[in-house]
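K.L.:
Mind having a look at this structure? Questions to follow.
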Amino acid sequence: MTPPQPPPLPTAELHVHIEGTLEPELAFRLAARNRIALRHADLDALRRAYAFRDLQSFLDLYYELTAVLQRPEDFTDLAEAYLARAAAQGVRHAEVFVDPQAHTSRGVPLEVVFEGLGAAFATAEQRYGLTSQLIVCFLRDRDPAEAEALVPRLRPYRDLVVGVGLDSAEVGHPPELFERAYALAADEGLHRVAHAGEEGPPSYVWSALDRLGVERVDHGIRSLEDPALVARLRAEQLPLTVCPLSNVALRCVPDLTAHPLRRMLAAELAVTVNSDDPAYFGGYLHDNTAAVTAALGLTPGERQRLAENSFRASFLPAADKERHLVAVAAAARATASGA
Ligand code: HPA
Ligand code: ZN
(Lines give C-alpha, C1' and ligand atoms only; values in the text may rest on other atoms or scores of the structure.)
(Ligands and ions follow the chains in the order given, each with its own letter.)
Protein backbone atom coordinates (compact mmCIF):
# COMPACT_ATOMS: atom_id res chain seq x y z
CA MET A 1 0.00 0.00 0.00
CA THR A 2 1.23 3.52 -0.73
CA PRO A 3 1.57 5.69 2.38
CA PRO A 4 -1.06 8.45 2.78
CA GLN A 5 0.00 11.61 0.96
CA PRO A 6 0.01 15.00 2.70
CA PRO A 7 -2.42 17.52 1.14
CA PRO A 8 -1.07 20.19 -1.24
CA LEU A 9 0.47 23.32 0.21
CA PRO A 10 -0.35 26.66 -1.48
CA THR A 11 2.19 26.93 -4.29
CA ALA A 12 3.13 29.07 -7.30
CA GLU A 13 3.50 27.20 -10.59
CA LEU A 14 6.41 28.76 -12.49
CA HIS A 15 7.06 26.21 -15.21
CA VAL A 16 4.06 24.94 -17.16
CA HIS A 17 3.54 25.17 -20.92
CA ILE A 18 -0.10 25.87 -21.72
CA GLU A 19 0.18 23.73 -24.86
CA GLY A 20 1.50 20.94 -22.61
CA THR A 21 -1.76 20.94 -20.64
CA LEU A 22 -3.71 19.71 -23.70
CA GLU A 23 -5.20 16.44 -22.44
CA PRO A 24 -5.84 13.78 -25.13
CA GLU A 25 -9.62 13.95 -24.58
CA LEU A 26 -9.66 17.71 -25.18
CA ALA A 27 -7.40 17.27 -28.23
CA PHE A 28 -9.98 14.93 -29.78
CA ARG A 29 -12.87 17.21 -28.81
CA LEU A 30 -11.23 20.27 -30.40
CA ALA A 31 -10.19 18.25 -33.47
CA ALA A 32 -13.84 17.28 -34.00
CA ARG A 33 -15.05 20.85 -33.40
CA ASN A 34 -12.57 22.21 -35.94
CA ARG A 35 -12.93 19.27 -38.37
CA ILE A 36 -9.26 18.37 -38.15
CA ALA A 37 -8.15 14.78 -38.70
CA LEU A 38 -5.54 13.59 -36.20
CA ARG A 39 -3.00 10.97 -37.25
CA HIS A 40 -4.12 8.81 -34.30
CA ALA A 41 -7.31 6.81 -34.91
CA ASP A 42 -8.66 7.11 -31.36
CA LEU A 43 -7.79 7.96 -27.75
CA ASP A 44 -6.05 4.64 -27.11
CA ALA A 45 -3.88 5.05 -30.20
CA LEU A 46 -2.98 8.59 -29.12
CA ARG A 47 -2.18 7.47 -25.59
CA ARG A 48 0.21 4.86 -26.98
CA ALA A 49 2.19 7.70 -28.58
CA TYR A 50 3.01 9.10 -25.10
CA ALA A 51 6.23 7.10 -24.70
CA PHE A 52 9.17 9.40 -25.27
CA ARG A 53 12.84 8.71 -25.95
CA ASP A 54 14.00 12.26 -25.40
CA LEU A 55 12.93 15.91 -25.64
CA GLN A 56 12.66 15.90 -29.45
CA SER A 57 10.38 12.85 -29.59
CA PHE A 58 8.05 14.62 -27.15
CA LEU A 59 8.19 17.92 -29.04
CA ASP A 60 7.16 16.16 -32.27
CA LEU A 61 3.84 15.08 -30.69
CA TYR A 62 3.42 18.34 -28.75
CA TYR A 63 3.65 20.46 -31.92
CA GLU A 64 1.52 18.01 -33.90
CA LEU A 65 -1.38 18.30 -31.44
CA THR A 66 -1.29 22.13 -31.40
CA ALA A 67 -3.02 21.85 -34.80
CA VAL A 68 -6.36 21.44 -32.97
CA LEU A 69 -6.00 24.95 -31.48
CA GLN A 70 -7.55 27.22 -34.08
CA ARG A 71 -9.97 29.75 -32.62
CA PRO A 72 -9.95 31.95 -29.50
CA GLU A 73 -12.44 29.63 -27.75
CA ASP A 74 -10.06 26.68 -28.23
CA PHE A 75 -7.37 28.54 -26.30
CA THR A 76 -9.94 29.59 -23.69
CA ASP A 77 -11.08 25.98 -23.17
CA LEU A 78 -7.45 24.83 -22.90
CA ALA A 79 -6.60 27.45 -20.27
CA GLU A 80 -9.86 26.89 -18.35
CA ALA A 81 -9.12 23.20 -18.02
CA TYR A 82 -5.58 23.90 -16.79
CA LEU A 83 -6.62 26.56 -14.28
CA ALA A 84 -9.31 24.32 -12.75
CA ARG A 85 -6.88 21.41 -12.37
CA ALA A 86 -4.10 23.60 -11.03
CA ALA A 87 -6.35 25.21 -8.42
CA ALA A 88 -7.40 21.75 -7.21
CA GLN A 89 -3.70 20.93 -6.71
CA GLY A 90 -2.90 23.91 -4.48
CA VAL A 91 -1.70 26.35 -7.15
CA ARG A 92 -2.51 29.92 -6.06
CA HIS A 93 -0.47 31.75 -8.70
CA ALA A 94 0.68 30.57 -12.15
CA GLU A 95 3.21 32.08 -14.56
CA VAL A 96 2.32 30.10 -17.65
CA PHE A 97 4.49 29.61 -20.75
CA VAL A 98 3.01 30.01 -24.20
CA ASP A 99 4.70 29.34 -27.56
CA PRO A 100 3.19 31.93 -29.95
CA GLN A 101 5.42 30.83 -32.84
CA ALA A 102 3.92 27.32 -32.65
CA HIS A 103 0.64 28.98 -33.63
CA THR A 104 1.59 31.91 -35.86
CA SER A 105 3.74 29.53 -37.95
CA ARG A 106 0.55 27.58 -38.76
CA GLY A 107 -1.44 30.68 -39.65
CA VAL A 108 -3.15 31.29 -36.28
CA PRO A 109 -2.88 35.02 -35.51
CA LEU A 110 -1.18 36.19 -32.31
CA GLU A 111 -4.41 37.98 -31.34
CA VAL A 112 -6.33 34.69 -31.34
CA VAL A 113 -3.82 33.14 -28.93
CA PHE A 114 -3.76 36.05 -26.46
CA GLU A 115 -7.47 36.84 -26.61
CA GLY A 116 -8.37 33.20 -26.06
CA LEU A 117 -5.97 32.63 -23.16
CA GLY A 118 -6.65 36.06 -21.71
CA ALA A 119 -10.39 35.38 -21.45
CA ALA A 120 -9.75 32.38 -19.19
CA PHE A 121 -7.02 34.09 -17.13
CA ALA A 122 -9.22 37.17 -16.52
CA THR A 123 -11.80 35.21 -14.52
CA ALA A 124 -9.50 32.69 -12.82
CA GLU A 125 -8.98 34.69 -9.63
CA GLN A 126 -12.67 35.11 -9.05
CA ARG A 127 -13.51 31.52 -9.97
CA TYR A 128 -10.58 29.58 -8.55
CA GLY A 129 -8.70 32.00 -6.28
CA LEU A 130 -5.72 31.71 -8.62
CA THR A 131 -3.83 34.61 -10.23
CA SER A 132 -2.21 33.94 -13.59
CA GLN A 133 0.01 35.61 -16.17
CA LEU A 134 1.84 34.52 -19.31
CA ILE A 135 5.53 34.14 -20.13
CA VAL A 136 6.05 34.24 -23.89
CA CYS A 137 8.65 31.69 -24.98
CA PHE A 138 10.84 32.04 -28.03
CA LEU A 139 11.33 28.78 -29.94
CA ARG A 140 15.10 28.30 -29.85
CA ASP A 141 15.10 25.97 -32.89
CA ARG A 142 13.75 28.77 -35.10
CA ASP A 143 15.47 31.89 -36.45
CA PRO A 144 16.34 34.32 -33.59
CA ALA A 145 15.12 37.14 -35.89
CA GLU A 146 11.56 35.81 -35.37
CA ALA A 147 12.00 36.18 -31.61
CA GLU A 148 13.30 39.73 -32.03
CA ALA A 149 10.28 40.61 -34.18
CA LEU A 150 7.89 39.13 -31.61
CA VAL A 151 8.98 41.37 -28.71
CA PRO A 152 7.33 44.66 -29.82
CA ARG A 153 4.16 42.77 -30.74
CA LEU A 154 3.69 41.95 -27.03
CA ARG A 155 3.06 45.62 -26.13
CA PRO A 156 -0.76 45.46 -26.35
CA TYR A 157 -0.78 42.50 -23.95
CA ARG A 158 1.35 43.85 -21.12
CA ASP A 159 -1.34 43.19 -18.49
CA LEU A 160 -1.24 39.54 -19.45
CA VAL A 161 2.44 39.01 -20.31
CA VAL A 162 4.92 39.25 -17.44
CA GLY A 163 8.06 38.03 -19.20
CA VAL A 164 9.85 36.08 -21.91
CA GLY A 165 11.39 32.60 -21.94
CA LEU A 166 13.22 30.22 -24.24
CA ASP A 167 12.12 26.67 -25.01
CA SER A 168 11.96 23.83 -27.58
CA ALA A 169 14.92 21.68 -28.74
CA GLU A 170 17.85 22.71 -26.54
CA VAL A 171 21.00 20.97 -27.76
CA GLY A 172 22.62 22.86 -30.65
CA HIS A 173 20.59 26.00 -29.91
CA PRO A 174 22.53 27.82 -27.16
CA PRO A 175 21.07 30.80 -25.30
CA GLU A 176 23.49 33.40 -26.69
CA LEU A 177 21.76 33.21 -30.09
CA PHE A 178 18.91 35.09 -28.42
CA GLU A 179 20.97 37.83 -26.77
CA ARG A 180 19.39 40.56 -28.89
CA ALA A 181 15.82 39.30 -28.35
CA TYR A 182 16.41 39.30 -24.58
CA ALA A 183 17.93 42.78 -24.66
CA LEU A 184 14.82 44.03 -26.48
CA ALA A 185 12.60 42.30 -23.91
CA ALA A 186 14.57 43.90 -21.05
CA ASP A 187 14.08 47.32 -22.68
CA GLU A 188 10.33 46.63 -22.65
CA GLY A 189 10.49 45.96 -18.89
CA LEU A 190 9.74 42.25 -19.30
CA HIS A 191 11.09 39.63 -16.92
CA ARG A 192 13.48 37.05 -18.37
CA VAL A 193 13.76 33.30 -17.85
CA ALA A 194 15.12 30.49 -20.08
CA HIS A 195 15.16 26.71 -20.29
CA ALA A 196 18.78 25.65 -19.81
CA GLY A 197 20.53 22.54 -18.51
CA GLU A 198 17.59 20.20 -19.22
CA GLU A 199 19.35 18.18 -21.96
CA GLY A 200 21.97 20.85 -22.66
CA PRO A 201 25.30 21.25 -20.82
CA PRO A 202 26.10 23.54 -17.86
CA SER A 203 27.68 26.02 -20.31
CA TYR A 204 24.13 26.80 -21.53
CA VAL A 205 23.16 27.77 -17.96
CA TRP A 206 26.20 30.09 -17.73
CA SER A 207 25.20 31.61 -21.05
CA ALA A 208 21.57 32.12 -19.96
CA LEU A 209 22.84 33.95 -16.85
CA ASP A 210 25.61 36.02 -18.43
CA ARG A 211 24.32 36.70 -21.95
CA LEU A 212 20.54 36.76 -21.45
CA GLY A 213 20.41 38.10 -17.88
CA VAL A 214 17.80 35.55 -16.78
CA GLU A 215 16.18 35.88 -13.37
CA ARG A 216 15.26 32.17 -13.19
CA VAL A 217 16.55 29.06 -14.93
CA ASP A 218 14.00 26.50 -16.14
CA HIS A 219 15.12 22.93 -15.33
CA GLY A 220 18.84 23.61 -14.78
CA ILE A 221 19.36 20.09 -13.43
CA ARG A 222 22.64 19.62 -15.32
CA SER A 223 24.08 22.57 -13.34
CA LEU A 224 25.08 19.99 -10.72
CA GLU A 225 27.85 18.81 -13.09
CA ASP A 226 29.69 22.13 -12.58
CA PRO A 227 30.65 23.01 -8.96
CA ALA A 228 31.49 26.63 -9.87
CA LEU A 229 28.02 27.04 -11.38
CA VAL A 230 26.38 25.52 -8.30
CA ALA A 231 28.34 28.00 -6.13
CA ARG A 232 27.12 30.89 -8.27
CA LEU A 233 23.46 29.75 -8.27
CA ARG A 234 23.59 29.28 -4.50
CA ALA A 235 25.28 32.63 -3.82
CA GLU A 236 22.73 34.50 -5.94
CA GLN A 237 19.81 32.28 -4.82
CA LEU A 238 18.86 32.18 -8.47
CA PRO A 239 15.71 30.07 -8.76
CA LEU A 240 15.65 26.80 -10.71
CA THR A 241 12.21 25.54 -11.78
CA VAL A 242 12.56 21.77 -11.57
CA CYS A 243 10.06 19.36 -13.19
CA PRO A 244 10.56 15.83 -11.80
CA LEU A 245 7.98 13.82 -13.80
CA SER A 246 9.11 15.57 -17.00
CA ASN A 247 12.74 14.67 -16.37
CA VAL A 248 11.83 10.98 -16.03
CA ALA A 249 9.41 10.98 -19.01
CA LEU A 250 12.05 12.56 -21.28
CA ARG A 251 14.78 10.32 -19.87
CA CYS A 252 16.94 13.14 -18.54
CA VAL A 253 16.89 11.13 -15.28
CA PRO A 254 16.53 7.30 -15.18
CA ASP A 255 13.84 7.25 -12.46
CA LEU A 256 12.48 9.43 -9.66
CA THR A 257 14.63 7.85 -6.96
CA ALA A 258 17.67 9.09 -8.94
CA HIS A 259 16.25 12.62 -9.33
CA PRO A 260 18.74 15.36 -8.32
CA LEU A 261 16.11 17.46 -6.47
CA ARG A 262 17.28 16.27 -3.06
CA ARG A 263 20.91 17.08 -3.93
CA MET A 264 19.81 20.50 -5.15
CA LEU A 265 18.02 21.13 -1.84
CA ALA A 266 21.09 19.92 0.06
CA ALA A 267 23.24 22.35 -1.97
CA GLU A 268 20.89 25.15 -0.79
CA LEU A 269 19.77 26.03 -4.30
CA ALA A 270 16.51 27.98 -4.70
CA VAL A 271 14.61 25.09 -6.30
CA THR A 272 10.89 24.85 -7.01
CA VAL A 273 8.78 21.90 -8.18
CA ASN A 274 6.66 22.33 -11.32
CA SER A 275 4.72 20.30 -13.87
CA ASP A 276 6.15 21.36 -17.31
CA ASP A 277 3.74 19.53 -19.68
CA PRO A 278 1.37 17.79 -17.27
CA ALA A 279 -0.93 16.24 -19.90
CA TYR A 280 2.08 14.44 -21.37
CA PHE A 281 4.20 13.56 -18.35
CA GLY A 282 1.71 12.06 -15.91
CA GLY A 283 0.71 14.79 -13.53
CA TYR A 284 0.02 18.34 -12.43
CA LEU A 285 1.90 20.26 -9.77
CA HIS A 286 0.90 18.37 -6.63
CA ASP A 287 1.24 15.07 -8.50
CA ASN A 288 4.89 16.03 -9.04
CA THR A 289 5.40 17.09 -5.42
CA ALA A 290 3.72 13.94 -4.08
CA ALA A 291 5.70 11.64 -6.40
CA VAL A 292 9.03 13.20 -5.54
CA THR A 293 8.17 13.30 -1.83
CA ALA A 294 7.52 9.55 -1.91
CA ALA A 295 10.53 8.69 -4.11
CA LEU A 296 13.09 10.84 -2.29
CA GLY A 297 11.54 10.82 1.20
CA LEU A 298 11.27 14.62 1.38
CA THR A 299 10.51 15.91 4.88
CA PRO A 300 7.58 18.24 5.72
CA GLY A 301 10.18 20.98 6.20
CA GLU A 302 11.55 20.43 2.69
CA ARG A 303 8.05 20.50 1.19
CA GLN A 304 7.40 23.78 2.98
CA ARG A 305 10.68 25.15 1.65
CA LEU A 306 9.71 24.20 -1.92
CA ALA A 307 6.36 25.98 -1.57
CA GLU A 308 8.01 29.07 -0.05
CA ASN A 309 10.66 29.10 -2.77
CA SER A 310 7.91 29.09 -5.42
CA PHE A 311 6.40 32.36 -4.20
CA ARG A 312 9.78 33.98 -3.57
CA ALA A 313 10.85 33.07 -7.12
CA SER A 314 7.63 34.38 -8.68
CA PHE A 315 7.26 37.78 -10.34
CA LEU A 316 4.52 38.81 -7.91
CA PRO A 317 4.75 42.15 -6.08
CA ALA A 318 6.41 41.92 -2.63
CA ALA A 319 3.15 42.35 -0.69
CA ASP A 320 1.53 39.44 -2.57
CA LYS A 321 4.57 37.24 -1.96
CA GLU A 322 4.33 38.02 1.76
CA ARG A 323 0.61 37.15 1.86
CA HIS A 324 1.25 33.82 0.15
CA LEU A 325 4.19 33.00 2.44
CA VAL A 326 1.95 33.51 5.47
CA ALA A 327 -0.60 31.13 3.89
CA VAL A 328 2.09 28.48 3.25
CA ALA A 329 3.24 28.64 6.88
CA ALA A 330 -0.36 28.35 8.12
CA ALA A 331 -1.08 25.37 5.83
CA ALA A 332 2.16 23.66 6.88
CA ARG A 333 1.23 24.11 10.57
CA ALA A 334 -2.25 22.74 9.95
CA THR A 335 -0.79 19.68 8.17
CA ALA A 336 1.69 19.08 11.01
CA SER A 337 -1.06 19.21 13.65
CA GLY A 338 -3.25 16.85 11.61
CA ALA A 339 -5.95 19.51 11.21
N1 HPA B 1 11.63 21.54 -22.79
C2 HPA B 1 11.83 22.36 -23.80
N3 HPA B 1 10.85 22.88 -24.52
C4 HPA B 1 9.60 22.56 -24.20
C5 HPA B 1 9.33 21.71 -23.16
C6 HPA B 1 10.39 21.16 -22.41
O7 HPA B 1 10.23 20.37 -21.46
N8 HPA B 1 7.97 21.59 -23.10
C9 HPA B 1 7.47 22.38 -24.08
N10 HPA B 1 8.45 22.96 -24.76
ZN1 ZN C 1 9.50 23.37 -19.96
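The values are calculated or read from the model by the stated rules, or taken from the named source; none is laboratory data. None of the values given here were measured: they were computed from a predicted structure. Note that each Cβ is placed from the backbone with ideal geometry, even for glycine, and that neighbours are counted across all protein chains shown. For the accessible areas, the whole protein counts, side chains as well, though only heavy atoms, and no ligand, DNA or RNA atoms are used. Shrake-Rupley method; radii C 1.70, N 1.55, O 1.52, S 1.80 Å.
K.L.:
Choose one answer from L43, L256, L245: the residue with the largest mean-square fluctuation in a GNM of the chain with alpha-carbon springs under 10 Å.
P.N.:
L43
K.L.:
Turning to a different aspect of this structure: Which of the trypsin sites (Lys or Arg not before Pro) found in region 225-287 are loop residues per DSSP with 15 or fewer other Cβ atoms within 10 Å of their Cβ? Don't jump to the answer; show the numbers that get you there.
P.N.:
Details: sites: R232, R234, R251, R262, R263; in loops: R251.
Here the trypsin sites (Lys or Arg not before Pro) that fit, given the DSSP loop and packing criteria, are R251.
K.L.:
Please check which bits of region 245-268 a label hung off R232 would reach, taking the label as a point 7 Å along Cα-to-C-beta and the cut-off as backbone N under 20 Å.
P.N.:
264-265, 267-268
K.L.:
Additional query: Work out, step by step, the length gained on full extension between D54 and R33: first 0.36 nm times the residue separation, then minus their alpha carbon distance; give nm to one decimal.
P.N.:
Values: separation 21, 0.36 × 21 = 7.56 nm, distance 3.13 nm.
Extra length from D54 to R33 when fully extended: 4.4 nm.
K.L.:
Let me cross-check F315: its accessible surface, 1.4 Å probe, with only protein heavy atoms counted, in Å² to the nearest 10?
P.N.:
In the full protein context, F315 sits at about 30 Å².
K.L.:
With 28 Å as the cut-off, how large is the P(r) tail for the chain, expressed as percent of Cα-Cα pairs?
P.N.:
38 percent
K.L.:
In square angstrom, what is the accessible area per residue of the chain with a 1.4 angstrom probe? Don't jump to the answer; show the numbers that get you there.
P.N.:
Values: 13360 Å² over 339 residues.
On a per-residue basis, the chain sits at 39 Å².
K.L.:
Continuing with the same structure: Say R0 is 35 Å: what FRET efficiency, to the nearest 0.05, do V326 and E23 get from their beta-carbon distance? It would help to have the intermediate numbers written out before the result.
P.N.:
Values: r = 34 Å, r/R0 = 0.96.
Given R0 = 35 Å and the Cβ-Cβ separation, E is 0.55.
K.L.:
Here is a follow-up. Solvent-accessible area of R47, probe 1.4 Å, all protein chains present, reported in Å² to the nearest ten, please.
P.N.:
Its accessible surface works out to 110 Å², give or take rounding.
K.L.:
Using +1 on the beta carbon of Lys and Arg, -1 on that of Asp and Glu, and nothing else charged, what's the dipole of region 188-332 about the Cα centre, debye to 20? Before the final figure, lay out each step's value.
P.N.:
Details: 14 positive and 18 negative charges, 60 e Å.
Charge dipole of region 188-332: 280 debye, to the nearest 20.
K.L.:
Taking the alpha-carbon centroid of each part, what is the distance from region 18-85 to region 213-253 in angstrom?
P.N.:
About 28 Å separates the Cα centre of region 18-85 from the one of region 213-253.
K.L.:
Treat every Asp and Glu Cβ in the chain as -1 and every Lys and Arg Cβ as +1, leave all other atoms uncharged, and give the resulting dipole magnitude about the Cα centre to the nearest 20 debye. Write down the numbers at each step before the final one.
P.N.:
Values: 33 positive and 46 negative charges, 141 e Å.
Charge dipole, the chain, about its Cα centre: 680 debye, nearest 20.
K.L.:
I've got another one for you. For a Förster distance of 22 Å, can you work out the FRET efficiency between the beta-carbons of D255 and E225, rounded to the nearest 0.05?
P.N.:
Numbers: r = 19 Å, r/R0 = 0.87.
FRET efficiency, D255 to E225: 0.70.
K.L.:
Place a label point 7 angstrom from the Cα of R180 along the Cα-to-Cβ direction, then list the residues of region 199-242 whose backbone nitrogen is under 11 Å away.
P.N.:
none
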